[in-house]
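Quick notes on the structure that follows.
The values are calculated or read from the model by the stated rules, or taken from the named source; none is laboratory data. Everything numeric here is computed off the predicted structure, so don't read it as measured data. Quick reminder, even Gly has a Cβ in these numbers, built from the backbone with ideal geometry, and neighbours come from all protein chains shown.
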Amino acid sequence: MDDAIPIRKIIHVDMDAFFASVEQLDNPDLRGKPIAVGGNSDRGVVAAASYEARKFGVRSAMASAVAKRNCPDLIFVKPRFERYKEISKIIRKIFLEYTDLVEPLSLDEAYLDVTENKKGNPSATLIAKEIRQQIFKETGLNASAGISINKFIAKVASDINKPNGQKTINPEEVIPFLENLSIRKFYGVGKVTQEKMYNQGIFTGKDLKSKSLDYLTETFGKSGTYYYYVVRGIHSSEVKPNRIRKSLGAERTFFENISSEVFMMERLKDIAEEIERRLSKSKVAGKTITLKIKYSDFTLHTRSKTLPYFISEKGLIIEIVQELLFQEKVSNSVRLLGISLSNLNTEKMGKIKKQKEVVVQLKFDF
Ligand code: DCP
Ligand code: CA
Ligand code: CA
């Protein structure tokens, strides 16, 4: 392997069928059965499917109606976000026993940099095993993990032996692993890019590697640079413990579509109140206010306004939102409303300690 590839010991941990497993944990009647967390109504969607349900082709983000067709015995369960957050806190506490370099990606997954760790354990593989055991001991839930030299490979690896498994890609395995990796499994390649790559004859890491940096940036823009480097084992993105927040928002989906602007303003006031509370909790303010409207036919409209100064009070937020709502000239009934603030004044706040990159040779405890 090329000596110039920076090597850190990164673990990606991801809970198995998270929401669904929590529901099965708390309600023994649901164990071993095909369940879906989400709405059962005609316009509901599946947030999470138990592994029993996946056998029937039930997947997250699938319309509930389709899920029911695929699996007539499917049991729908309402989500309980507070409970998921509670478990998320427990697993984050476990991560922090090993390292402060923990970067959560969502409630159920995180990157950990254990190059140097609080236990003085040189083996990232063994740490991952311990963490998964500890998660099971404290929550009764299974997690999977990927272990490698950077975030990209760790993330891809955590899916390989899922559920309840882990996979280490050792430094000397990195290059062949990436060459053989199907483009479909590349983290950061979405459906659209995937199609584009297929059309260009790029199906594996090896195909991707045969393309020049110029070609990739011309074809894929800025992401082209990312693809060029990750496929060579270079992904120097650090594990960022205090991810700088780029925006803060809240939204509501209504059980019945609403068509009166007066009612909409009522809902928007609630949302603005929540945003004000969260802004003050994290001590931030923003310059750009965005109103999001999803109509009953699922079309999505957003309107934004950027101010020359930062705001955080609900009164001001509502004023702008009202202006944006009137510009929108609502024509159809509405199923979802949301407000978000971006252009936040956080740049000065979350200073990230620069980590040194470690370059080591092949003989490496992993
Ligand atoms: N989730 C959601 N809406 C989605 C995808 C996911 O609400 N479109 C929620 C439900 C999931 C949780 O986030 O349980 C974690 O998402 P994952 O993508 O990690 O999926 P799972 O944990 O459910 O399954 P896996 O075992 O494949 O990780
Ligand atoms: Ca998961
Ligand atoms: Ca996840």
Please work out if residue 315 is in contact with a helix residue (DSSP H, G or I) (Cβ under 9 Å, 6 or more places away or on another chain) and outside any helix (DSSP H, G or I).
no
Here is a check on your reading of the model: is residue 72 in the same structural domain as residue 33 (by TED's automatic domain parsing) and more than 20 Å from the chain's Cα centre (by Cα)?
yes
Any residue at all in region 80-90 that's within 14 Å of ligand 2 (Cβ to nearest atom), touching a helix residue (DSSP H, G or I) at 6+ places or on another chain (Cβ under 7 Å) and assigned to a helix (DSSP H, G or I)?
yes
Just for region 156-167: of the residues that are buried (at least 22 other Cβ atoms within 10 Å of the Cβ) and in contact (Cβ under 8 Å) with a residue 60 or more places away in the chain, which one is nearest to residue 106 (Cα to Cα)?
158
Subset tally (residues that are within 16 Å of ligand 2 (Cβ to nearest atom) and assigned to a loop (DSSP other than H, G, I, E, B)) for region 8-53
3
Considering only residues that are free of Cβ contacts under 8 Å to residues at least 60 places away in the same chain and aromatic (Phe, Trp, Tyr), look in region 58-111 and name the one that is nearest to ligand 1 (Cβ to nearest atom).
81
Name every residue in region 60-82 that is basic (Lys, Arg), surrounded by 14 or more Cβ atoms within 10 Å (Cβ to Cβ) and within 20 Å of residue 141 (Cβ to Cβ), in order of residue number.
80
All positions within region 112-138 that are within 16 Å of ligand 2 (Cβ to nearest atom) and surrounded by fewer than 19 Cβ atoms within 10 Å (Cβ to Cβ)
136
If a residue must be in contact with a Lys or Arg (Cβ under 6 Å, 6 or more places away or on another chain) and part of a loop (DSSP other than H, G, I, E, B), how many such residues does region 113-148 contain?
2
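Residue 256: surrounded by fewer than 15 Cβ atoms within 10 Å (Cβ to Cβ) and either assigned to a helix (DSSP H, G or I) or assigned by TED's automatic domain parsing to the domain that holds residue 153 (or both), yes or no? Explain how you work it out, then say what you get.
On the way: surrounded by fewer than 15 Cβ atoms within 10 Å (Cβ to Cβ): yes; either assigned to a helix (DSSP H, G or I) or assigned by TED's automatic domain parsing to the domain that holds residue 153 (or both): no.
So residue 256 fails the test.
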Cross-chain or 6+ apart pairs with Cβ under 6 Å, region 286-307 first and farther than 16 Å from residue 343 by Cα, then among the small types (Gly, Ala, Ser) and modelled with pLDDT under 95
296/333
Return a yes/no flag: does region 246-253 have any residue that is over 24 Å from residue 329 (Cα atoms), of a type outside the set (Asp, Glu), surrounded by 16 or more Cβ atoms within 10 Å (Cβ to Cβ) and in contact with a strand residue (DSSP E or B) (Cβ under 9 Å, 6 or more places away or on another chain).
yes
Suppose we keep only residues that are within 15 Å of residue 62 (Cα to Cα) and either in the same structural domain as residue 134 (by TED's automatic domain parsing) or free of Cβ contacts under 8 Å to residues at least 40 places away in the same chain (or both) within region 21-42. Which one would you say is surrounded by the most Cβ atoms within 10 Å (Cβ to Cβ)?
39
